[in-house]
Amino acid sequence: MSEPLGPSSVSRQTETFPVVQRTSIRFFRRVTRFWVGLFRDIGERTYFFRDIARGFGDPATYVPETIRQMKNIGVDSIPLTVIVAAFIGGVIAYQTRYQLFPGVELSIIGLASRLMVVLELGPLLTGLVLTGRVGGRMTAEIGTMRVTEQIDALETLAYDPVAFLIVPRLLAALVMLPTLVVLADATGLGSAYFVATKITDVTPEDFKTGLRLGFGTFQVVYSLLKAMLFGAAIALVCSYEGYITEAGAEGVGRSTARAVVITSMTVLVLDALTAGILGPYLQS
């Protein structure tokens, strides 16, 4: 019997073909690997989501850990959220004032600040900033547990690792991201008000008039909906990348970098999709 062909044998056989055929073989081989890898990743993520749904049936495992994760994700992120929102709100108000044409009502500064902070920059920048801080930490923690076989130890002790590690982070992110976005929106508008009224010639009445102009409650719902989607993306993507980490410390670093990049892109795509679908409903 002939021995099965390994990658080196296949490569040697490919080299025996003419250049044109050899190039075609390599091209189709790459295409095949891409599609096989894509469908494999889809299948693995589907099973991962199934395990998460099953993990919700074990509240005794995930409820105590959820409280701790709410502190890690939410409370510990308050200083960073406040600093980012304060600078963004102040810069928006300052630049808007000095971009206005002569004769334009100054109340437009309050309107522009509210729209930019509440509808876009508040939830988006909070999601992107927390992707690095919270998402990177999630991936590193779970990835380290994977390479040091702590997840295998949980299974040996009859703990569901998904219910213990993934579900609490998902629930905490779904609760704390909207909370942080509310704080970011309030801080951004407060900073915009302070800069506009103290540094520029905008009066408090002008700013408040613009702040109330065209306001609808759905604008706040829209901001919180974005926050929930971003929180779910951070928890699911970063937890999954940590859960499948391989190859020791190098693998943890590689998984963390990949998780931050993928999550950032996911947040931007969700932001665009949300705007495209719900944008027409924002007009009060």
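Some observations on this one:
- In segment 86-101, the count of residues that are under 21 Å from the mean Cα position of the chain (by Cα), of a type in the set (Ser, Thr, Tyr) and assigned to a helix (DSSP H, G or I) is zero.
- Among the candidates ASP201, ASP152, residue that is over 23 Å from THR81 (Cα atoms), of a type in the set (Asp, Glu), open to solvent by 20 Å² or more (accessible area, probe 1.4 Å) and assigned to a helix (DSSP H, G or I): ASP152
This table checks each residue for (1) open to solvent by less than 100 Å² (accessible area, probe 1.4 Å); (2) among the hydroxyl-bearing types (Ser, Thr, Tyr); (3) on the phi < 0 side of the Ramachandran plot; (4) at pLDDT 80 or above.
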residue: LEU5; (1), (2), (3), (4): no, no, yes, no
residue: SER11; (1), (2), (3), (4): yes, yes, yes, no
residue: THR14; (1), (2), (3), (4): yes, yes, yes, no
residue: PHE17; (1), (2), (3), (4): yes, no, yes, no
residue: VAL20; (1), (2), (3), (4): no, no, yes, no
residue: PHE28; (1), (2), (3), (4): no, no, yes, yes
residue: PHE34; (1), (2), (3), (4): no, no, yes, yes
residue: GLY37; (1), (2), (3), (4): yes, no, yes, yes
residue: GLU44; (1), (2), (3), (4): yes, no, yes, yes
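- Within segment 155-194, if we keep just the residues that are open to solvent by 50 Å² or more (accessible area, probe 1.4 Å) and under 14 Å from ALA85 (Cβ atoms), the residue that is nearest to the chain's Cα centre (by Cα) turns out to be THR179.
- Against the numbered list (1) out of contact with any Leu (no Cβ under 7 Å at 6 or more places or on another chain); (2) open to solvent by less than 60 Å² (accessible area, probe 1.4 Å), GLY74 comes up short only at (1).
- Contact map, segment 54-83: residues that are in a helix (DSSP H, G or I) paired with residues that are of a type in the set (D, E, K, R), Cβ distance under 7 Å, separation 6+ or inter-chain. Pairs shown: GLY55/ASP160; THR61/ASP160; GLN69/ARG169; SER77/ARG133; LEU80/ARG133.
- Filtered residues of segment 155-198 (kept if within 27 Å of TYR240 (Cα to Cα), among the hydroxyl-bearing types (Ser, Thr, Tyr) and in a helix (DSSP H, G or I)): THR156, THR179
- All positions within segment 103-141 that are outside any helix (DSSP H, G or I) and among the small types (Gly, Ala, Ser): GLY103, SER107
- Filter result for MET116 (open to solvent by 30 Å² or more (accessible area, probe 1.4 Å), within 25 Å of THR263 (Cβ to Cβ) and under 28 Å from the mean Cα position of the chain (by Cα)): yes
- The set of residues in segment 204-241 being among the hydrophobic types (A, V, I, L, M, F, W, C), open to solvent by less than 50 Å² (accessible area, probe 1.4 Å) and within 21 Å of MET70 (Cα to Cα) consists of ALA227, PHE230, ALA232, ALA233, ILE234, ALA235, LEU236, VAL237, CYS238.
The values are calculated or read from the model by the stated rules, or taken from the named source; none is laboratory data. This structure is a prediction, so every number in the text was calculated from the model and none was measured. Because the Cβ atoms are built from the backbone with ideal geometry, glycine has one as well, and the counts that use them run over all protein chains shown. These accessible areas exclude ligands, DNA and RNA; they are computed on the full protein's heavy atoms, side chains included. Shrake-Rupley method; radii C 1.70, N 1.55, O 1.52, S 1.80 Å.
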